[in-house]
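Trainee: Just dropping this structure here.
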Amino acid sequence: MPDPLYSKARIIAEPPVRVVRRWLAAGWADLRRNPGYSLSYGGALVLLGWLAVWLLSATGTGWMLLPLLAGGVLVGPVATVGLYAVARGRREVASKGQIALVGAILMVFALTWIRAATVLFAIVYGLRPFAGFVETLVLMISTPAGWMLLISGSLTGGLFAALGFAVSAFSLPMLVERRIDGFSAMGLSFNAATHNFRLSVWWGAAITLLTGLGVLTGLLGLAVIFPLLGYATWHAYADLFHGGGDES
């Protein structure tokens, strides 16, 4: 009999839009049940985001804002661990040390992506002084070299984001629930994402769209979107690995 700790995800044959809507609805229900905790959690993220933007501006490295946001998407799931525990109904975390391991791996992904973005910028524009975020953005969208940088940077970032999503989307909630090693959890997450490929694409697109909307509000919208996605991610994990039932 296979060890339940290493049980694989089921394959969901329902239309992806319906499944994603169900996960988000369950996440919204959790947020409404825990408004104070949820908004405090999301508000802390907004404050950290504003601090990061201020530091980039103060140090003259505002051009790193876009790759830093992309890197934040890779590492961000680690910060939702507390939300998974609330959605689960139990505050204890089964594998804290392994969550730290997965977080460190995601941090390496993020730092590698930021370094790649730095190299791409230097290849296209050379070691030139940073003129400001708005000026640089205008330069990038109004010149052939800028479009080349945007396309190559998006493709590179997309590869990092896809891999990071595949190994972390379900491994982190799994580590909240199961006493399992981080590499096995990442492997099971990757297996779940690849065997539910269309659903994973829709789920990743929903996360990207909602996160983008939060960024466009000056990060303020993330105070709600961040806990919503955190709770919904737990229900996504439960749906795939428990057939839709959370652990009681």
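The values are calculated or read from the model by the stated rules, or taken from the named source; none is laboratory data. Keep in mind that what you see is a predicted model, and the values were worked out from it rather than measured. Cβ coordinates were reconstructed from backbone atoms using ideal geometry, including for glycine residues, and neighbour counts include every protein chain displayed. Heavy atoms of the whole protein, side chains included, go into the accessibility calculation; ligands, DNA and RNA do not. Shrake-Rupley method; radii C 1.70, N 1.55, O 1.52, S 1.80 Å.
Trainee: Taking only protein heavy atoms into account and a 1.4 Å probe, give the accessible area per residue of the stretch 140-236 in Å².
Mentor: Computed with neighbouring chains in place, this is 43 Å² per residue.
Trainee: Additional query: Sketch the reach of a paramagnetic label on residue 101 as a point 7 Å from Cα along Cα-to-Cβ, and name the residues of the stretch 159-184 whose backbone nitrogen lies under 16 Å away.
Mentor: 167-168, 171-184
Trainee: In debye, nearest 20, what is the charge dipole magnitude of the stretch 2-62 about its Cα centre with +1 on Lys and Arg Cβ and -1 on Asp and Glu Cβ, if you could check?
Mentor: That gives a dipole near 280 debye.
Trainee: When you count, for each residue, the other Cβ atoms within 10 Å and take the mean per peptide, how do 194-207, 230-243 rank with the highest first?
Mentor: Result, highest mean first: 230-243, 194-207.
Trainee: Shape verdict for the stretch 136-200, please, from the Cα gyration tensor: rounded (a/c under 1.5), prolate (a/b greater than b/c) or oblate.
Mentor: The shape class here is prolate.
Trainee: Only residues of the stretch 164-205 count here: report those whose backbone N is under 18 Å from the spot 7 Å along Cα→Cβ of residue 22, or say none.
Mentor: Residues 170, 192-193, 195-204 fall inside that zone.
Trainee: A further question on this structure: Counting only residues 5 or more places away or on other chains, whose amide H sits under 5 Å from the amide H of residue 9 once H atoms are built in the peptide plane?
Mentor: Residues meeting the criterion, in which the H sits 1.01 Å from N, are 192.
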